[in-house]
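Accompanying notes for the structure given below.
Here, each number is a calculation from the coordinates, and none is a lab measurement. Bear in mind that the values here come from a model prediction, so they are computed numbers and not experimental data. Reconstructed Cβ throughout: ideal geometry from the backbone, glycine too, with neighbour counts over all protein chains shown.
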Amino acid sequence: MPEQILAGKTCLVTGGGGGLGKAIAAHFLEAGANVVICDVNEERLQETSAELSPKGPLKAIKTDITQTSEVESLFDTLIAEFGKIDVLVNNAGIMDRFDPVGDMDMEIWDRVMAINLTAPALLSKLAVRNMLAQEKPDGRIINVVSVAGKAGWASGAAYTASKHGLVGLTKNTAAYYGNLGIKCNALMMGAMETNIVDAFKTGMNEDGCNKLRTVLEAIKAPAVDLNEVAGFCVNMTYGKGASQINGAMIAIDNGWTSVVG
């Protein structure tokens with residue numbers, strides 16, 4: 001049985017109905033945490049809830065994180081159920097269609113920004129407020145970014161800008177709250193096999209997507225293992241040395257950005 005380093009901690013994972021969010025939730029439960037997962041996909045959320053509930057205290061809440069009232073209700077339910085929040089994982093995100101700015105659909109821009117950047121800002125705001133209200137603040141925020149938060153070739157203009165913005169939010173949160181007991185870090189993810197690729201079913205900009213394919217074929221880096229990442233998330237919350245990490249942009253990409261930044 002894994003070490004219970006999260007015993008007594010309450011963790012919120014957005015986009016927890018599948019992919020990386022589901023894997024993180026599973027590992028947090030195995031490490032002893034109370035876990036709340038939210039997702040906009042009701043069916044996916046309930047399937048995950050049924051699968052993971054035997055591992056420990058889990059609450060699944062259908063939430064559209066682009067709606068302020070639903071996010072506030074999510075926090076009200078979480079606090080009523082578990083009393084506090086210790087860890088927030090801003091994992092939920094959507095892709096664009098690899099369109100550069102000249103071809104971009106502004107409705108897609110607005111939706112990508114709402115989910116990938118504005119929602120994490122609101123979630124972080126509510127989490128920070130609750131963490132600071134605790135007797136001895138000791139909170140953690142993990143923002144799931146992407147190599148697109150560093151490179152310009154990994155996606156379209158909307159997704160790239162949203163993830164660069166999330167890097168900025170991470171650094172600002174770390175700078176302002178690190179000395180108050182709240183650590184905030186970002187994971188710069190490489191390619192993963194997750195439901196984020198659902199976006200591709202509605203078509204994509206082939207020229208833009210080919211830029212990514214060209215890099216992947218040259219580097220020949222394997223996809224990132226979701227369970228390895230989820231285990232790392234546990235360790236970077238309250239594992240040995242975790243309290244010393246703040247404002248870090250940690251590349252988990254099998255070497256993508258060591259070759260092409």
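Among 110, 96, 86, which one moves the most in a GNM of the chain with springs linking Cα atoms closer than 10 Å?
Among 110, 96, 86, the largest GNM mean-square fluctuation belongs to 110.
Residues with beta-carbon under 10 Å from that of residue 82, excluding residue 82: net charge, scoring Lys, Arg +1 and Asp, Glu -1? Numbers along the way, then the final one.
Values: positive: 9, 59, 84; negative: 81, 86.
Local charge sum for residue 82: +1.
Go through the stretch 137-154 residue by residue and turn each phi into a ³J(HN,Hα) via Karplus (6.51, -1.76, 1.60, θ = phi - 60°); whole Hz please, and just put x for glycine and proline.
x, 8, x, 9, 10, 10, 9, 7, 9, 3, 4, 5, x, 10, 9, x, 9, 7
Under 10 Å, Cα contacts only: if you run a Gaussian network model on the chain, which one of 170, 68, 118 comes out with the highest mean-square fluctuation?
Per the Cα network of the chain with a 10 Å cutoff, 68 tops the list.
State the three equivalent ellipsoid semi-axes of the stretch 1-83, derived from the C-alpha gyration tensor as the square roots of 5 times its eigenvalues, in descending order and whole Å.
They are 20, 15, 9 Å, listed largest first.
Would you mind ranking 76, 39 by Cβ crowding within 10 Å, fewest neighbours first?
On the way: 76 11, 39 28.
Starting with the residue having the fewest Cβ neighbours, the order is 76, 39.
Per residue Cα convex hull volume for the stretch 113-196, in cubic angstrom?
Details: hull volume 7.6 nm³, N = 84.
Considering the Cα atoms of the stretch 113-196, their hull volume per residue is 91 Å³.
Based on other C-beta atoms within 10 Å, arrange 176, 159 from fewest to most.
Least crowded to most crowded, the residues run 176, 159.
Pull up the cross-link candidates among the aspartates and glutamates for residue 9, meaning alpha carbon to alpha carbon under 15 Å and not fewer than 8 places away within one chain.
Cα-Cα hits under 15 Å: 30, 81, 86, 135, 138.
So what is the relative contact order of the stretch 1-159, in percent, for Cα pairs below 8 Å that sit 6 or more residues apart?
23 percent.
Can you tell me which of 174, 151, 114 moves the most in a GNM of the chain? Springs connect C-alpha atoms under 10 Å apart.
151
Please report, to one decimal in angstroms, the Kirkwood hydrodynamic radius of the chain built from all distinct Cα-Cα pairs.
For the chain, the Kirkwood estimate is 18.4 Å.
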